[in-house]
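Trainee: For reference, the structure I am asking about is given below.
The values are calculated or read from the model by the stated rules, or taken from the named source; none is laboratory data. In this text the structure is predicted, and so the values were computed from the model without any measurement. Virtual Cβ from ideal backbone geometry, glycine too; neighbours counted across all protein chains shown. Side chains included, ligands, DNA and RNA excluded: accessible areas come from the protein's heavy atoms. Shrake-Rupley method; radii C 1.70, N 1.55, O 1.52, S 1.80 Å.
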Amino acid sequence: MDIEQQFHRNIPLSQFTTFRIGGPADYFVRARSVKTLRNALQHAASENLPVLVIGGGSNLLINDRGIRGMVVKNELKGIKYKGNQLTVRSGEKVSGLVDFARKNGMAGIEFMAGIPGSAGGAVFGNAGAYGKAIGDLVKSAVLMKSDGSEVFEVTPDYFGFTYRRSRLRDTRDVLISVTIELAQGSPEAIGREIDQIKAERASKHPDEKWGCAGSYFKNIDPQNPGERRIPAGMLLEKVGAKSMKEGNAMVFPKHANFLTNPGNATCEEILKLAETLKTLVKQEFAIELEEEVLFINEIPE
């Protein structure tokens with residue numbers, strides 16, 4: 001099929017983000033194969049169209065006006081393992097990756113239980129919890145250049161992993177698959193830990209009905225090496241952020257670092273609420289909060 005026959009015009013992106021916010025994309029295509037992904041990127045490059053590749057749609061806030069250019073939804077699926085190494089394609093959900101490891105007695109990724117989004121998005125943002133991050137597990141990966149011109153393999157050093165960030169934000173390379181190294185374990189013991197983590201997250205994190213992109217602000221770097229990061233949610237709670245509202249946007253009542261869209265919130269309302277929270281924290285603690293959620297106003301050239 002010709003790649004242009006797979007394009008959809010003016011598709012609202014709100015249906016593809018966990019915030020349930022986002023205007024239409026000029027062009028939208030689902031990439032269920034490497035060939036489709038390559039063809040879409042090459043076509044966009046030939047037409048000088050900016051490209052945004054999305055996965056599970058978490059950790060994203062897209063403007064209400066929409067996106068000028070092409071949005072590619074990465075739906076590359078597949079998980080396999082050999083020994084203690086597990087290779088997952090980037091469009092797989094993090095939940096599917098955790099469940100696969102659980103069923104096959106592979107320990108070490110339990111901390112990712114309950115984290116939304118795709119494997120590709122997790123690597124892009126070096127997602128993690130409880131002082132651990134997926135970048136710690138990466139052994140190798142297969143990437144594609146942002147113009148579809150080359151597929152190549154890299155080692156972990158290529159990513160330059162730091163707290164909630166990888167080099168992919170700068171290079172705009174597209175992750176095809178990632179191989180992580182785990183350890184042998186008891187499926188029963190792994191399952192108990194996963195269930196415990198999920199229960200803990202469920203007790204204080206919003207579920208899908210709220211419309212949420214995950215933790216909105218990054219935790220704050222410690223003043224001294226070896227110390228734990230200061231939770232942004234703790235600072236926000238101290239300034240009375242819980243249940244604050246801006247129009248239809250609302251801070252989650254049980255955790256102050258989750259901004260939510262329980263109804264018909266707009267991108268502008270989320271941004272205004274976030275700015276209010278940043279101001280309150282800066283006034284009270286002289287700390288500048290930094291967004292973890294990626295705001296897409298326009299696709300970078």
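Trainee: Keeping every protein chain in place, order Asp170, Asp157 by accessible area at 1.4 Å, biggest value first, i.e. largest first.
Mentor: Highest to lowest solvent-accessible surface, that is Asp157, Asp170.
Trainee: Write down the percent of antiparallel bridges among all DSSP beta bridges whose residues are both part of the chain, to the nearest 5.
Mentor: For the chain, the DSSP antiparallel bridge percentage is about 75.
Trainee: Would you please calculate the Kirkwood hydrodynamic radius of the stretch 174-228 over all C-alpha pairs and express it in Å, rounded to one decimal?
Mentor: After inverting the pairwise mean of 1/r, the radius is 15.5 Å.
Trainee: Would you mind telling me the share, in percent, of accessible area of the stretch 44-114 contributed by carbon and sulfur at probe 1.4 angstrom?
Mentor: 45 percent
Trainee: Still on this structure: Which of the chymotrypsin sites (Phe, Trp or Tyr not before Pro) found in the stretch 103-179 are in a DSSP loop and have at most 16 neighbouring Cβ atoms, other than their own, within 10 Å?
Mentor: Passing sites in the stretch 103-179 are Tyr130, Tyr163.
Trainee: Now for a separate question. Given an 8 Å cut-off on Cα distances and at least 6 residues of separation, report the relative contact order of the chain as a percent.
Mentor: Here the relative contact order equals 18 percent.
Trainee: Still on this structure: Which of the lysines could a cross-linker bridge to Lys198, judged by Cα under 19 Å and excluding same-chain residues fewer than eight apart?
Mentor: In chain and number order, the partners are Lys93, Lys103, Lys132, Lys209, Lys254.
Trainee: Just need the Rg to Rh number for the stretch 144-198, please, alpha carbons only, Kirkwood Rh.
Mentor: Ratio of gyration radius to Kirkwood radius for the stretch 144-198: 1.14.
Trainee: Label the stretch 89-131 by shape, choosing from rounded, prolate and oblate, from the square roots a ≥ b ≥ c of the eigenvalues of the Cα gyration tensor; if a/c is under 1.5 it is rounded, and otherwise prolate applies when a/b is larger than b/c, oblate when it is not.
Mentor: Oblate shape, in that a/c is at least 1.5 and b/c is the bigger or equal ratio.
Trainee: Determine the shape class of the stretch 1-146: with a ≥ b ≥ c the square roots of the Cα gyration tensor eigenvalues, call it rounded for a/c under 1.5, and otherwise prolate if a/b is greater than b/c, oblate otherwise.
Mentor: Judged from the Cα gyration tensor, the stretch 1-146 comes out prolate (a/c at least 1.5, a/b above b/c).
Trainee: On the first, second and third principal axes, largest extent first, how far apart are the outermost C-alpha atoms of the stretch 110-173 in Å?
Mentor: Cα extents, longest axis first: 37, 21, 18 Å.
Trainee: If you don't mind, there's one more thing I want to ask. Calculate, for the stretch 1-152, the solvent-accessible area per residue in square angstrom, rolling a 1.4 angstrom probe over the heavy atoms of the protein chains.
Mentor: The answer is 43 Å² per residue.
Trainee: While we're on this one: Rounded to the nearest 10 Å², what accessible area does Arg38 have for a 1.4 Å probe in the complete protein model?
Mentor: Arg38 has an accessible surface of roughly 80 Å² with all protein chains in place.
Trainee: Then there is this: For the pair Ala202 and Ser140, what calculated FRET efficiency results from E = 1/(1 + (r/R0)^6), where r is the Cβ-Cβ distance and R0 = 41 Å, to the nearest 0.05?
Mentor: 0.75
Trainee: While we're on this one: Using +1 on the beta carbon of Lys and Arg, -1 on that of Asp and Glu, and nothing else charged, what's the dipole of the chain about the Cα centre, debye to 20?
Mentor: 620 debye
Trainee: Follow-up. Return the FRET efficiency for the residue pair Glu188, Ala129: r is the Cβ-Cβ distance, R0 is 22 Å, and the value is rounded to the nearest 0.05.
Mentor: With a Förster radius of 22 Å, E is 0.50.
Trainee: Over all pairs of distinct alpha carbons, what does the Kirkwood formula give as the hydrodynamic radius of the stretch 204-301, in Å?
Mentor: Answer for the stretch 204-301: a Kirkwood hydrodynamic radius of 13.9 Å.
Trainee: Taking the Cα centre of each part, how many Å lie between the stretch 228-286 and the stretch 19-93?
Mentor: One Cα centre to the other: 29 Å.
Trainee: What is the spin-label model distance, in nm, from Thr276 to Asn224 if the labels are put 7 Å beyond Cα along the C-beta direction?
Mentor: 3.8 nm
Trainee: Same structure again: Quick check: from the Cα gyration tensor, does the chain come out rounded (a/c under 1.5), prolate or oblate?
Mentor: Oblate, because a/c is 1.5 or more while a/b does not exceed b/c.
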